[in-house]
Amino acid sequence: METNGAKFTPVLLGSDFNVYGMARSFYDLYHEPVQAFASIQLAPTRYTKIVNLELIPGFDEDPVWIETMRKLKERYANHPEPVILIGCGDGYAELISKHKAELEDVFICPYVDYDLLRQLNNKESFYKVCDKYGLPYPHTRIITKAEATGDAPIEQPFGYPVALKPANSVEWLDVHFEGRKKAFRIQSEAEFKDIVHKIYTNGYTSDLILQDFIPGDDSNMRVVNAYVDQDHHVKMMCLGHPLLEDCAPSAIGNYVAIIPEYNETIYHDIQNFLEAIDFTGYANFDMKYDVRDHSFKLFEINLRQGRSSFFVTLNGYNLADWVVKDYVKHSLKDAPTVYGNQDEQQHALWLGVPVKVFKRYTRENADKERALKLIAAGQYGTTYRYQPDLSLKRRLLIKWMEHNYTVNFKKYFAENKG
């Protein structure tokens, strides 16, 4: 790829919606397909001309990952232009950070050092960092494996419902059992004991995060995507207001409808935090508004773009462009920070489900009315439906994916989100 006479090569890791969204962002700018590597083929990157995907069994974990990356270093070593390595999942971001010192003689690795990544990736230690910098988060109690598998009952200081989630999101990817969810909203003591037992008898070893459940539906959530340059200065922030989340057990917490929003206080607090910890690269924050004390409480930070982060590109802040400006054009150094979504006339609704699903399941409120007006005006889009990439096979794939969303909402919405 080439920009202003300077050539570069982006390499994406993964095959999910995040990969397709990043590839689409690059394709919008440079009209060339992006090379990607992954361990398995996922639906979002099937039948596409904008992603050249190479599958390598076991590539999502060491030792296969680093052994493969050493071979890829040889492949790219003679490239005269910069080669930018972008991990599009928690595991890939962690692997890049872990091996950054070995990789960065060939690859540009826009990630924090491994010690900081481990501190931020683990929700338990992340909340300690939040304490240090005065960022609010839900009242929390840590449950260890030793405590959960011991004879004494677990003290549960919050009323029901209560939220339960793994502290180690990377380890959680390899834990499977019937009823597994990304996060649990638990309604009773019996359910609490049953779920904790299942978690630790199915291979999970790290701590659990037990939290006071913040009242309110999906529309109380907020999501921030940011880019921080190699000098640790925040250069772009884009705030989204989710209106609907996925209700399938394996996907709870994934947004499927986001409307752009501007909030100076959120931008100020997140920027100060990222710059204080010397962050670099992409960051994604999830938070929820608590009506009880009128604050936005942080749930987590992802050290990558969010799964739904194409909403940033959709609203005019092309996600791929920031890393190119930083490492190829070198044009960010003196550039002011961009605080997204100040002009409401430019707003666009991002959807991860068909319009009919959004209309049926999103709670009635003023924000939904604003979203419906954007739909009526044609100011909306998805990550996966991209006009230059709609072959017959891809159209059929999209139809199948949208059918599955419709079925899942009928099946799970009342149980998990109703």
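Every number here is computed from the coordinates shown, using simple stated rules; none is lab data. Values in this document were obtained by computation on a predicted structure and should not be read as measured data. So basically every Cβ, Gly included, is an ideal-geometry build from the backbone, and we count neighbours across all protein chains shown.
Summary of values
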| quantity | calculated |
| --- | --- |
| Cα shape, the stretch 139-212, gyration tensor, a/c 1.5 rule | rounded |
| Convex hull volume per residue in cubic angstrom - Cα atoms of the chain | 146 |
| Principal axes of the stretch 2-119: Cα extent on each, largest first, Å | 36, 34, 27 |
| DSSP-defined antiparallel bridges as percent of all bridges, the chain, nearest 5 | 70 |
| Exposed-loop-free span, longest in the chain, where GluC sites (Glu not before Pro) count as exposed if DSSP calls them loop and at most 11 other C-beta atoms lie within 10 Å | 179-363 |
| Neighbour cut-off at most 16 other Cβ (10 Å), DSSP loop, trypsin sites (Lys or Arg not before Pro), the stretch 320-364 | Lys333, Arg363 |
| Estimated 222 nm signal from helices in the chain, with DSSP H stretches of n ≥ 4 weighted -39500 (n - 2.57), rounded to 500 | -10000 deg cm²/dmol |
| Whole-Hz ³J(HN,Hα) from phi, Karplus 6.51 cos²θ - 1.76 cosθ + 1.60, for the stretch 160-171, glycine and proline x | 9, x, 9, 9, 9, 8, x, 6, 9, 5, 6, 4 |
| Cα gyration tensor shape for the stretch 36-78, rounded if a/c is under 1.5, else prolate or oblate | oblate |
| Of His347, His139, His241, the one that fluctuates the most in a GNM where the chain has Cα springs shorter than 10 Å | His139 |
| Residue order, fewest to most beta carbons within 10 Å, for Lys145, Lys100 | Lys145, Lys100 |
| Beta bridge orientation in the stretch 2-119: antiparallel %, DSSP, nearest 5 | 10 |
| Taking the stretch 2-119 and dividing mean pair separation by its residue count, relative contact order in percent (alpha carbons under 8 Å, at least six apart) | 26 |
| Unit Cα scatterers, Debye sum, the stretch 218-416: log10 I(q)/I(0) for q = 0.12 Å⁻¹ | -0.63 |
| Euclidean distance of C-alpha centroids, the stretch 144-200 and the stretch 35-73, integer Å | 32 |
| Rounded to whole Hz, the Karplus (6.51, -1.76, 1.60) HN-Hα couplings of the stretch 77-87, x for glycine and proline | 4, 8, 6, x, 8, x, 10, 9, 9, 10, x |
| Length-normalised contact order of the chain in % [C-alpha pairs under 8 Å, at least 6 apart] | 17 |
| Phi-based couplings in Hz for the stretch 141-158 (Karplus 6.51, -1.76, 1.60; Gly and Pro marked x) | 10, 8, 10, 8, 4, 4, 5, 6, 9, x, 7, 6, x, 7, 6, 10, x, 10 |
| DSSP bridge pairs, the stretch 274-408: antiparallel proportion in percent, nearest 5 | 70 |
| Relative contact order, percent, the stretch 289-418 [alpha-carbon distance under 8 Å, six or more residues apart] | 22 |
